[in-house]
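The structure under discussion appears below in the form of structure tokens.
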Amino acid sequence: MPIALITAGAGLLGGYFAGESAKDAAETQANAQREAAQLATNEARFRPVGITTRFGQSQFQYGPGGQVTGAGYTISPEMQAYQNRLMALSGQGLTQAEQAQQQFAPLQAGAQGLFGLGQQYLAQSPQEAAQQYMARQQDLLAPTRERQMAQLQNTLFQQGRGGLSVGATGARPSGAAGLGATTPEMEAYYNALAQQDAALAAQAMQAGQQQTSFGAGLLGTAGNLLTQGYQGQVGALAPYQAYLGGVGSLEAQGQQALELGSALGGRIANPTGANALLQGGMASAQTQAAANAYNPFATALVNASSNPAFQRGIQGMFGGGGSSTPTSYYMGGRGEAVPMGGFDEYAYAL
């Protein structure tokens, strides 16, 4: 049998055993890593705590593996009764809010009317309003003035002084005509009319300004009425919102049990410890992997396939020209010669 074939077979067999050992070591390492990961997961797992307060109670559901699959809470019967009463009131408040638009409709109608009236007053400028005021006042005074003029003329005629004319003046520096000549009574009469018209003119300017201000005031009042109507409709929702807010407040009180339980669960979870477990387990598995993969028998076969002493032993065993005379060697350092040959020679070499 060729020596190369035997040594090659020994090498292949050693490699096979080494591969099997490496496979077993890899599986062992993977199992150790999975176990470390599972331990770390359990350490870091969220563990909520069931809490019962005066206002409610929390509930948590767990899956087969211990993980949280659901959470909820129930409020106390007393809080539930309060909620039912507030919900009934909120329904009434919502009905009131629905009727608010109809209730505040008169304000909107009044505002529209004031808008139109204010626009009418503002349709004229202050000057146009003053002229209109002046014309109306003079129309009211015209009959009285005509009667006074007639009485004055009648008196002058009866006294025989109807043709008397005095008090004329020359032209003004500006070129305007001066005062015409007339009787003293007529002069006094026209002076009184001029003073009365001057006073009316001043009043007319004030009246024009007041009309503009009054029209603007009407528009402002209309806007206030319209705003009050809208604010009233918005305010009509206040009772409903207050009742509904009370329901939500009671619900929040009952929900505290769930929040407290969740907060405690978050504190119980230990991510730092879980990370330490995971890192320690992984390092341990990595350290043990080399020892698990070592197979002394496979190592011996692989080394023997390339060892010259092993090859000489094989050659001598199968008559390959090797010496058949036993040769003495010292074993183990005991100082005694032991005859060896063939495989015995390889055993000593190892």
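Results for (1) assigned by TED's automatic domain parsing to the domain that holds GLN231; (2) part of a helix (DSSP H, G or I); (3) of a type outside the set (S, T, N, Q), shown as yes or no for each residue.
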position	(1), (2), (3)
LEU94	no, yes, yes
LEU117	yes, yes, yes
GLN127	yes, yes, no
GLN137	yes, yes, no
LEU141	yes, yes, yes
ASN154	yes, yes, no
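Picking from GLN99, GLN83, GLN92, which residue would you name as being modelled with pLDDT of 90 or more, touching a strand residue (DSSP E or B) at 6+ places or on another chain (Cβ under 9 Å) and not acidic (Asp, Glu)?
GLN83
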| task | Mind telling me which of the residues ALA111, ALA135 ends up being crowded, with 16+ Cβ neighbours inside 10 Å and modelled with pLDDT of 90 or more? | result | ALA111
| Which condition does PRO271 not pass, out of (1) at pLDDT 60 or above; (2) closer than 24 Å to ALA71 by Cα, if it passes all the others? | (1)
| said: Anything in region 215-229 that is of a type outside the set (Val, Ile, Thr) and surrounded by 15 or more Cβ atoms within 10 Å (Cβ to Cβ)? List them, or say none. | reply: GLY215, LEU218, LEU219, ALA222, LEU225, LEU226, GLN228, GLY229
| query | Could you give every pair whose Cβ atoms fall below 8 Å, whose first residue belongs to region 124-140 and is closer than 10 Å to ALA207 by Cα and free of Cβ contacts under 8 Å to residues at least 12 places away in the same chain, and whose second residue is aliphatic (A, V, I, L, M) and in a helix (DSSP H, G or I), counting only separations of at least 6 or pairs across chains? | reply | none
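Let's see how each residue does on (1) modelled with pLDDT under 90; (2) in a loop (DSSP other than H, G, I, E, B):
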site	(1), (2)
GLY162	yes, yes
ALA188	yes, no
LEU200	no, no
LEU219	no, no
| How many residues are outside any loop (DSSP other than H, G, I, E, B) and crowded, with 16+ Cβ neighbours inside 10 Å when one looks only at region 235-250? | 7
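The values are calculated or read from the model by the stated rules, or taken from the named source; none is laboratory data. All of these numbers come straight from a predicted model, not from anything done at the bench. Every residue, glycine as well, gets a Cβ built from its backbone with ideal geometry; the counts of neighbours run over all protein chains shown.
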